[in-house]
Amino acid sequence: MLKLVLFDGSTTYMFPNGEIATPAKIRDQFPAVDVFPHVLEINGHVCQAVQEFAAMRNFHGINAALDEVAALAAMEAKVNAPAQDNEPSAEERIAAALEFQNLMSL
């Protein structure tokens, strides 16, 4: 389960490569964190991603009227939602196979 938090410059995490992600190192690697609000994607104690808050809000289609706390909660719910099953039905697979056969017979 991923946790989304706003970068506050006070918490230390770990990068996926095992390096300690102090606030200073995050600032060095992502200088924009001091200019715009940024979201940290946290898995346990690992900082997996640093993303700009407004861009992430737009990507997930979160209402701009929500405050930061509510928007983070909505994004976290979307990120942690189970993946939808997009497997084709039996009818769709049969139709695709028949279309393929028709194309091969031309």
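What to note about this one:
- Among (1) surrounded by 15 or more Cβ atoms within 10 Å (Cβ to Cβ); (2) over 24 Å from Thr22 (Cβ atoms) - the single one Asn63 does not satisfy: (1)
- For region 69-106, residues that are more than 16 Å from Glu41 (Cβ to Cβ) and either in contact (Cβ under 8 Å) with a residue 60 or more places away in the chain or not hydrophobic (A, V, I, L, M, F, W, C) (or both) total 14.
- Scanning region 66-106 for residues that are surrounded by 10 or more Cβ atoms within 10 Å (Cβ to Cβ) and not hydrophobic (A, V, I, L, M, F, W, C) yields a total of 8.
- Just one of (1) in contact with a strand residue (DSSP E or B) (Cβ under 8 Å, 6 or more places away or on another chain); (2) under 17 Å from Ala77 (Cα atoms) fails for His60. It is (1).
- Odd one out for Ile20, checked against (1) among the β-branched types (Val, Ile, Thr); (2) in contact with a strand residue (DSSP E or B) (Cβ under 9 Å, 6 or more places away or on another chain); (3) surrounded by 11 or more Cβ atoms within 10 Å (Cβ to Cβ): (3)
- Search result, residues across region 1-29 that are hydrophobic (A, V, I, L, M, F, W, C) and more than 17 Å from the chain's Cα centre (by Cα): Met14, Ile20, Ala21, Ala24, Ile26
Values in this text are rule-based calculations from the coordinates and carry no lab data. Keep in mind that this is a model prediction, so the values were computed, not measured. FYI the Cβ positions are ideal-geometry reconstructions off the backbone, even for glycines, and counts take in every protein chain you see.
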